[in-house]
Amino acid sequence: MTIETIQNDEPAGDEWTNPNARIWKGLRLAVRTRLAAAFEHLLITGSLNRADLERIGEISTPSASADLRTMQERTDALTYDASAKCYRLKEEATHGR
């Protein structure tokens with residue numbers, strides 16, 4: 001599976017799932033690790049919701065909401081699927097899927 005560059009010519013995909021990636025710079029290690037794991041979940045399952053983040057990171061609902069905002073702001077790769085009540089990768093973020 002290949003992911004195209006999304007923002008600032010930063011490599012996506014593998015970069016998103018690495019807690020030490022430049023895209024997560026400035027965040028605490030626990031947050032970086034949680035966001036990387038959330039993107040791993042998104043790439044494997046094709047969807048991500050707040051409850052997934054709560055399970056992945058063992059965090060509260062407000063923290064999961066904040067993480068989703070951070071993921072969206074830093075990657076600009078998520079789109080909300082209202083009918084499924086989950087986030088998915090934007091079509092332009094995927095390549096060869």
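The values are calculated or read from the model by the stated rules, or taken from the named source; none is laboratory data. Since this is a predicted model, take the numbers as computed values, not measurements. Don't worry about glycine lacking a Cβ; one is built from the backbone with ideal geometry, like all the others, and counts go over all protein chains shown.
The residue that is surrounded by the fewest Cβ atoms within 10 Å (Cβ to Cβ), counting only those in segment 59-92 that are among the hydrophobic types (A, V, I, L, M, F, W, C) and closer than 13 Å to LEU48 by Cβ, is ALA84.
Taking the conditions exactly as written (closer than 18 Å to GLU92 by Cα, modelled with pLDDT of 95 or more and under 12 Å from the mean Cα position of the chain (by Cα)), does LEU78 satisfy them or not?
no
Within the option set ARG88, ARG74, ARG69, ARG55, being in a strand (DSSP E or B) and not hydroxyl-bearing (Ser, Thr, Tyr) holds for one residue only, ARG88. Residues in segment 1-35 that are within 13 Å of the chain's Cα centre (by Cα) and at pLDDT 55 or above: 15 in all.
For segment 49-95, the set of residues classified as touching a residue at least 40 places away in the same chain (Cβ under 8 Å), among the hydroxyl-bearing types (Ser, Thr, Tyr) and either touching a helix residue (DSSP H, G or I) at 6+ places or on another chain (Cβ under 7 Å) or under 18 Å from ALA30 (Cα atoms) (or both) consists of THR70, THR75, TYR87, listed by residue number.
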